[in-house]
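The values are calculated or read from the model by the stated rules, or taken from the named source; none is laboratory data. Only a predicted model underlies this, so the values are computations on that prediction, with no experimental measurement involved. For neighbour counting, all protein chains shown are included, and Cβ atoms are generated from backbone atoms with ideal geometry for every residue, glycine included. When the accessible area is computed, the model is the full protein with side chains, heavy atoms only, and any ligands, DNA or RNA have been set aside. Shrake-Rupley method; radii C 1.70, N 1.55, O 1.52, S 1.80 Å.
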Amino acid sequence: MRRSVSLRLAALFTILAALAFGQVGNGTITGTVSDPAGAVVPNARVEATNASTGVVFPAVTTNTGSYTIPDLPVGTYNVKTTVTGFKAYAHPNLAVGAAQVVREDIVLQVGNATTETVTVTAEASLLKTESGDVSHNVSIDQLDDLPLLGIGTANSGTTGVRNPYNTLQTLPGVSSYASSGQFTLNGLGGSMTETMRVEGQDATSRLFGTYDYTQMGQPSADSIQEISYQTSNYAAEYGQAGSAVINMTMKSGTNQYHGTGYDYFVNEDLNAGDPFSISPVSGTKMRPRNRRNDFGGTLGGPVIIPKIYNGKNKTFFFWNYEEFLESSFYSFTDTVPAAAYLKGDFSAISPNGTCSLCGSLGIPTAPITTDPAGNPVYANEIFDPATRQPNGTATPFANNIIPTSRFDPVSLKVLALLPTAQNSNLTGNYTASIGGSRYSAIPSIKVDHNISDRDKLSFYWSRINTESQISSPLGNADGLPENIGGYRGTFIPTYTTRVNYDRTLSPTLLLHLGAGYYHTRFDDHAPDLNFDPASLGLSNFLIHRQFPSITGLCNTPVAIPGGPPVAPCSGNTLGGMQNIGTSGQIQTLNFEEKPSFIANATWIHGAHTFKIGAEVYLEAALNGSFAGVTLATGT
């Protein structure tokens, strides 16, 4: 079990009103207010009003004419200021991105503030002068428009749902990207070099000590407002990352109700047939089974309860749900013991017996060596262990047949669990099919409440859950009956919870508080967890859970001098079959718990902006495995 506590204290002092980013990944508008002669205007009230929600974020210029409005949710804003003796100033639809600082210098013109207004329509400058970081922002429109969000394929990763982290491929300097794990950025990459933040707090999974399995906690693509990739020169508060800080801000509701619905449907009947293939059943081109369904929807708007509560300009919600379903059909050609083998009859493959298959299998009929007593030793000859002498010699079973009376009772019970060979072949004599499925679901909800002009509260919760009991190759499906096969399913629910609170203590002093909780459970187990050792005549198991692994059944044959070369055993070579029982006896139950807390304050004083804050998160990762039993054979 690993436990770690991270405490970071970041103080940032900037000159000429250059402001550090808010920890929640929100944006900032900053600038100065001056008159036509260039003289600064102190005590001017500046307001940024969210164009979608109507929520107002106020600020007041200092004695140097500087103002800063931090912690602005991603969106567009109408900036205005009114000063007696000057025309009113307005700049509508000013876009503010995640973790961005937008500079908006205001030059007032002499006139009547009540009847005259100067409206600015120019876009914000693309030149960043307020911070030295290098960042790239990806909006929800880009997520939808770019052909990056694969569904149920390798590009979607192991969950099957659309993977928003694929947008990393749009960044300069990214290489070796894998949809379910690590990547390299500007030559940096590997374990523990990236940090992921959701709604301003750490959401990086360290369950396995690396950045792998990012999708265990990914949000649905439709619930994301914007992703900011900060790749260099981070502010002090982001110093825990080596190559990139991935900042996700989630969608909020607005004053208008908006909703979406979708269904991505795949079925082999809708696909073109494979070229140069003919189905023996239909006589037409073959269409491999392919069935996926990714569906969901969103709904957001103001919280309105008729005759009770009207949340316009005050309380908003955004709900999202996505679910992925996939059914698969796996076919295997396995090797199981031939009918004669089950009776102990190995006469057909050795000159010690009938050797009826020696010719077709290339088995030499002449002795291959002699024992210490000078007796000839033939290929595939089976010796009676009860006759073993001190000099190493033993008597072979007559006609290469082991009497069933000599079978171990445990072996008899194991053999009874194996399926019957479907033909007379010694290898590849059993064709099996088994159905598999994957289920992934991501519900989420975000609620924003404008308590007053000075107090704002935000809550976010999401869960992603993926389940797959039978899959291949990762799930080790092999075609044997489920109770003795290598099947190892995965069950991974992950929860992300965030609460953020902003308080305007004064027009030049802002307090931000946040708390969160991140939880992952990673469980992989066999489909049958009710194995009773006594049913096989075994005892002294620590726990009664899964069928034991029986290994060594597929060994590389010994090369015969002068004979044909032998290939390593792959499961269908002479004399071998796949192992029995859950693959590697892997039956893990892993947990990751991460409560997090943030507090920071921003103070605008004169021409300077000061920021001080702290973040604490406690991380506990429990990696455990259930006891398993392996019975090694083939020695």
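Things to note:
- Heavy-atom accessible surface of the chain: percent carbon and sulfur, 1.4 Å: 58
- The aspartates and glutamates within cross-link reach of Lys87, meaning a Cα-to-Cα straight distance under 16 Å and a gap of 8 or more places when in the same chain, are Asp35, Glu47, Asp105, Glu116.
- Taking every DSSP helix (H) stretch of at least 4 residues in the chain, weighting each as -39,500 (n - 2.57) and dividing the sum by the residue count yields a mean residue ellipticity at 222 nm of -500 deg cm²/dmol.
- Shape of the stretch 284-434, Cα gyration tensor, a/c cut at 1.5: prolate
- Listed pairs Lys251/Lys314; Lys251/Lys611; Lys251/Lys312; Lys456/Lys594; Lys343/Lys413 exceeding 19 Å between Cα atoms: Lys251/Lys611; Lys456/Lys594
- Among the chymotrypsin sites (Phe, Trp or Tyr not before Pro) in the stretch 474-549, those located in a DSSP loop and surrounded by at most 16 other Cβ atoms within 10 Å of their own Cβ are Phe541.
- Here is the tail figure for the stretch 272-327: Cα pairs spaced more than 13 Å apart come to 74 percent of all pairs.
- Rounded to the nearest 10 Å², the accessible area of Ile401 at probe 1.4 Å: 60
- Alpha-carbon centroids, the stretch 407-484 and the stretch 323-341: separation in whole Å: 15
- Rounded to the nearest 10 square angstrom, Lys314 shows an accessible area of 70 square angstrom against a 1.4 Å probe.
- Each of the peptides 593-602, 542-551 was scored by the mean count of other Cβ atoms within 10 Å over its residues; in descending order, highest first, they stand as 593-602, 542-551.
- Annotation: per residue accessible area for the chain equals 45 Å², rounded to a whole number [probe 1.4 Å, protein chains only].
- Projecting the Cα atoms of Tyr460, Pro409, Gly514 onto the charge dipole of the chain (Cβ charges, centred on the Cα centre) puts Gly514 farthest toward the positive pole.
- In terms of the mean number of neighbouring beta-carbon atoms within 10 Å, the peptides 92-105, 386-399 order highest first as 92-105, 386-399.
- Share of alpha-carbon pairs per 10 Å distance bin for the stretch 387-534, given as whole %: 8, 19, 18, 15, 13, 10, 7, 5, 3, 2
- Coupling constants for the stretch 467-475 follow from the phi torsions by the Karplus curve (6.51 cos²θ - 1.76 cosθ + 1.60, θ = phi - 60°), and in residue order they are 9, 7, 8, 10, 7, 8, x, 4, x Hz; glycine and proline get x.
- Distant-in-sequence amide H partners of Val60 (H built 1.01 Å from N, under 5 Å): Val46, Thr68
- For Thr115, solvent-accessible area (1.4 Å; no DNA, RNA or ligand), Å²: 110
- Per residue Cα convex hull volume in Å³ - calculated over the chain: 220
- For the peptides 37-46, 148-157, the ranking by mean Cβ contacts within 10 Å, running from highest to lowest, is 148-157, 37-46.
- For the stretch 324-340, backbone phi angles converted through the Karplus equation (6.51, -1.76, 1.60; θ = phi - 60°) give residue-by-residue couplings of 10, 10, 9, 10, 10, 9, 10, 10, 9, 10, 9, 10, 10, x, 5, 4, 5 Hz, Gly and Pro being listed as x.
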